[in-house]
Amino acid sequence: MTTWYTVDDADAQARLLDAWDDAPIENLEVCGMILDAAREQVITYAPAPAPVEDGQPVPDPPSRYVLAQLQQAKNLWNAGRVSTGGEVGVDGQYTFTPRPLDKTIRQIIRPVDRKPHAL
């Protein structure tokens, strides 16, 4: 069972830290907002889910969506830490400009399978 990343309880925080070593959990409110924003962006970009019949539980998100949420949360966090010169890292040794829902994350959410899809 795959579930979205959250900071709702100690187990969720431990799971997040297992996947993201330097997750900003020292401020749970900000970390939670970053994870929520990333999840909403993934859901918005993802293809519409197939209709669920009455009485059937809503399926868990695909694992690739949860991975995309994690990667997008990292991008959002890094975007907020970039200096005005676009530098991230110790002493500005590296330059990196995170982009929201970059190409890699979009391909995680919507893998290219070269098959036609009809709705």
Exercise for the section: Give, as a single signed number, the net charge of other residues whose beta carbon lies under 15 Å from the beta carbon of D9, with Lys and Arg counted +1 and Asp and Glu -1. Expected result: -3
Handout entry: Listed peptides 22-29, 70-77, 39-46 by packing density, highest first (mean Cβ within 10 Å)
Key = 70-77, 39-46, 22-29
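The numbers here are math on the coordinates, done by the rules we state, and not lab data. None of these values were measured; they are calculated from a predicted model. Glycine also receives a Cβ, built like all others from the backbone with ideal geometry; neighbour counts cover every protein chain displayed.
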